[in-house]
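Step one of this worksheet: look at the structure below.
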């Protein structure tokens, strides 16, 4: 049964109590705070497994809190789900670009929120397992086999001749299936590339990558206005 600690950050008491009630029904441990400063203090005192973060908070808003958490190595890996009444595309894109793994708009269904929480925790656990591995274990997903040691890729049994950048993008997305990444996050994941990689270049590389993967390339999904993800 779940026992992960979830930090709920919202200045509306009714919302905090609603979320807390539903999380505790699922056997999660829950801590609630009502401000951005309190959230940062809570995280540093007892690192949570996931944070549900409102944007419109007193004194220090949720975007600034998320930015601060993602800038610190000790807290950068904590998955953050934005829960906000601000539902315009620009708000969602901003939250995701700052490092949030998901964005839920108010009013929300408690069942949907719980599903998002479970999915985020599942992805976080899978990513942690992948990062703790030696890096030499081949990745297998949707008919794609990627060997990090030999830097070889096959798609549905056929060799895919990828460039260094294409390989790095594919490996990054395969290690975190279901996660949505902005173009800048994808760029930031690549080290030692021979040429500067721009946001536009990422689009070009993904198009080429899909073509080389054949039918398996369909699992590289475009998230409009945000970036890309590997189908979960």
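A few comments on the model shown:
- Residue 77 fulfils the conditions (1) more than 13 Å from the chain's Cα centre (by Cα); (2) more than 15 Å from residue 34 (Cα to Cα) except for a single criterion, (1).
- Listed by position, the helices (runs of 4 or more DSSP H) enclosed by the range 81-193 that each have at least 2 residues that are modelled with pLDDT of 90 or more are 110-132, 164-174.
- Residues located in the range 71-96, provided they are under 18 Å from residue 183 (Cβ atoms) and either touching a strand residue (DSSP E or B) at 6+ places or on another chain (Cβ under 8 Å) or buried (at least 17 other Cβ atoms within 10 Å of the Cβ) (or both): 92, 93, 94, 95, 96
- The range 12-27, residues that are without any contact (Cβ under 8 Å) to a residue 60 or more places away in the chain and under 23 Å from residue 125 (Cβ atoms): 20, 24, 25, 27
- The lone exception for residue 165 - which of (1) over 27 Å from residue 79 (Cα atoms); (2) out of contact with any strand residue (DSSP E or B) (no Cβ under 9 Å at 6 or more places or on another chain) it fails: (1)
- Enumeration of residues in the range 11-60 that are surrounded by fewer than 19 Cβ atoms within 10 Å (Cβ to Cβ), in contact with a helix residue (DSSP H, G or I) (Cβ under 6 Å, 6 or more places away or on another chain) and assigned to a helix (DSSP H, G or I): 22
- Residues satisfying the stated conditions in the range 55-70, i.e. farther than 25 Å from residue 125 by Cβ and either in contact with a strand residue (DSSP E or B) (Cβ under 9 Å, 6 or more places away or on another chain) or at pLDDT 95 or above (or both): 55, 56, 57, 63
- Residue 99 meets the stated requirement of being over 12 Å from residue 8 (Cα atoms) and surrounded by 15 or more Cβ atoms within 10 Å (Cβ to Cβ).
- The single residue among 70, 86, 59 that is touching a residue at least 12 places away in the same chain (Cβ under 8 Å), more than 23 Å from residue 223 (Cα to Cα) and not assigned by TED's automatic domain parsing to the domain that holds residue 199 turns out to be 59.
- Residue within the range 209-226 that is part of a loop (DSSP other than H, G, I, E, B) and in contact with a helix residue (DSSP H, G or I) (Cβ under 7 Å, 6 or more places away or on another chain) present: yes
The values are calculated or read from the model by the stated rules, or taken from the named source; none is laboratory data. From a predicted model like this one, the values you see are computed outputs, not experimental measurements. Reconstructed Cβ throughout: ideal geometry from the backbone, glycine too, with neighbour counts over all protein chains shown.
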